[in-house]
Amino acid sequence: MRIALFCALLLVAAPLSAHSRSMSYSLWDMDDAGATVRVRVSRLELTRMALDPVRSDRDDRLVSEMLAAAIRLRTDTNLCAVTTPPRRTPSAEGYVAYVWRVGCPDDGPRTVESSLLLDVAPSHLHFVRVRWPGRPAVEKVLTGDAPAWALDADPTAASRGDGAGTSVADYIALGVEHIVSGPDHLAFVVALLLLAGTLRDMVMLVTSFTIAHSMTLALAVIGFIEPEVPVAGALIGYSIALVGVENAWLVSGKGRWLPPLAVAAILAMAGLGSAVPFQALVGLALFTACHLALLARSRRPARLRAAVAFAFGLVHGFGFAGVMMNLDLTNVGLAPALFGFNLGVEIGQLAVLALVGPLLLAVRRSRRASAWVVDVGSAAATCLGSFWFVTRSF
């Protein structure tokens with residue numbers, strides 16, 4: 001039964017692991033005649049349409065045409081036409097970037113629109129940054145529900161109305177959406193709660209996780225730390241797998257075979273050419289061995305699990321930072337964006353706790369039902385986490 005469950009969950013994990021959050025970015029340098037557009041999108045996002053412009057000239061042409069058609073500028077009466085075709089420019093590893101020029105036939109208010117990837121990823125987010133000569137840049141997040149941004153007719157009035165860009169409330173919504181739609185972060189939080197015996201234990205776990213990821217999110221966004229976001233994604237997968245394995249190990253009697261097997265599996269990854277640095281994998285192996293050894297001797301595992309929630313919360317913070325770091329926010333917009341996004345993440349987590357916590361506490365009244373929920377939940381966390389760890393590592 002458990003083998004069948006693991007196999008079924010593995011099939012579910014495949015589409016979840018392919019893309020964690022669909023995002024793209026554009027920068028608009030406005031002038032009287034039109035605008036210069038710079039767009040950046042990850043190569044992984046383009047695999048949704050089986051396109052890789054780095055490896056294929058044909059795909060390069062198709063992607064450039066797609067971007068120019070999907071990311072547009074218009075006035076009240078006309079679409080601003082492409083005057084200089086898109087061309088690919090140097091970009092960060094894992095991304096492709098294009099630049100082109102659009103000309104607007106008349107004056108008046110302008111609107112930035114994006115329908116990029118919405119056909120294949122309805123929850124896609126497109127981050128727009130607009131710069132007017134001699135004025136501070138403004139930013140906004142476009143979504144499938146709000147795919148257009150009407151700019152102020154007078155660029156000197158960039159602080160008025162919708163043209164002011166993304167507000168704190170918008171970033172709060174983005175944070176909530178990120179935690180609710182991020183299956184890896186949710187899986188970690190729920191896996192932690194499976195063995196929490198009281199509401200106090202649940203609050204302690206979530207609080208430890210929150211403090212930790214808030215710290216690394218802030219440090220990464222302000223540029224004090226430059227994390228390797230893909231590596232952080234792999235370690236997030238590992239954190240979920242470890243908590244799932246830990247849950248099953250605790251309820252099954254703390255068998256001696258598990259710790260050495262877990263350590264051996266991590267060290268085997270080091271010998272297979274994982275993208276996670278060798279030193280990091282060795283550190284994970286040592287951390288796992290020490291943690292399980294302490295857990296085997298601990299009379300109050302709830303406190304030790306809170307410490308683990310804090311440790312892995314630091315890693316999850318780098319995962320959250322991946323969204324914010326790519327926005328290239330101005331100094332003026334950094335503080336409200338960071339505050340709003342982090343607050344939104346916390347609201348999302350509290351919503352999960354409010355929904356899942358009482359259900360788990362109610363289930364605990366039935367010993368049989370509680371054992372079944374812990375068993376299935378731990379199997380799901382172990383399977384999903386292991387799949388994410390391996391796929392993101394390679």
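Could you calculate, for the range 266-394, the ratio of the Cα radius of gyration to the Kirkwood radius, expressed as Rg to Rh?
Rounded to two decimals, Rg/Rh equals 1.03.
When Lys and Arg each count +1 and Asp and Glu each count -1, what net charge do the other residues less than 14 Å away from Ser239, Cβ to Cβ, add up to?
Numbers: positive: Arg305, Arg392; negative: Asp184, Glu246.
Neighbour charge sum, excluding Ser239 itself: 0.
In which sequence would Trp28, Trp249 go, from the one with the fewest C-beta neighbours within 10 Å to the one with the most? Present the calculation step by step, with values, prior to reporting the outcome.
Details: Trp28 23, Trp249 19.
So the ranking, lowest neighbour count to highest, is Trp249, Trp28.
May I ask you to derive the relative contact order of the chain, considering only C-alpha pairs under 8 Å and at least 6 residues apart, and to give it as an integer percent?
Numbers: 615 pairs, mean separation 83.4, N = 394.
So the answer I get is 21 percent.
With r defined as the distance between the Cβ atoms of Val120 and Leu199 and R0 fixed at 56 Å, what FRET efficiency is calculated, to the nearest 0.05?
Numbers: r = 41 Å, r/R0 = 0.74.
Efficiency at R0 = 56 Å is approximately 0.85.
State the label only: which of (i) 5, 21, 29, 22, 14, 7, 2, 0; (ii) 5, 24, 33, 25, 10, 3, 1, 0; (iii) 5, 21, 30, 22, 9, 4, 4, 3, 2, 1, 0 corresponds to P(r) over Cα pairs in 10 Å bins from 0, in percent computed from the shown model?
This structure yields the entry labelled (i).
If you average 1/r over every pair of different alpha-carbon atoms in the range 175-393 and take one over that average, what Kirkwood value in Å do you get? Can you show the working numbers first?
Working: mean 1/r = 0.0562 Å⁻¹.
This gives a value of 17.8 Å.
Sticking to Cα atoms, compute the Rg of the range 21-165 to one decimal and its Dmax as the biggest Cα-Cα distance, whole number, in Å.
Reported Rg and Dmax, both Å: 14.9, 44.
Using helices alone, what [θ] at 222 nm do you get for the chain, with -39,500 (n - 2.57) per DSSP H run of 4 or more residues, divided over all residues and rounded to the nearest 500?
Working: 12 runs with 224 residues, N = 394.
So the helix-based figure for the chain works out to -19500 deg cm²/dmol.
So, counting K/R as plus one and D/E as minus one, what does the shell of residues with Cβ under 15 Å around Asp59 add up to? Don't jump to the answer; show the numbers that get you there.
On the way: positive: Arg43, Arg48, Arg55, Arg58, Arg61, Arg87, Arg88; negative: Glu45, Asp52, Asp57, Asp60, Glu65.
After counting each charged neighbour, the total is +2.
The range 171-227: which chymotrypsin sites (Phe, Trp or Tyr not before Pro) are DSSP loop and have at most 11 other beta-carbon atoms within 10 angstrom? Don't jump to the answer; show the numbers that get you there.
Details: sites: Tyr171, Phe188, Phe209, Phe224; in loops: Phe224.
Listed in order of number, the matching sites are Phe224.
Let me check I've understood the local charge: for Val99, count other residues with C-beta under 13 angstrom from its C-beta, Lys and Arg +1, Asp and Glu -1. What total comes out? Mind showing how you got there, number by number?
Working: positive: Arg38, Arg40, Arg87, Arg88, Arg101; negative: Asp29.
Around Val99, the surrounding residues sum to +4.
Computed from the coordinates by the stated procedures, all read-outs in this text should not be read as laboratory data. Keep in mind the model is a prediction, meaning the values are calculated, not measured. Cβ sites come from the backbone with ideal geometry, for glycine too, and all protein chains shown count toward neighbours.
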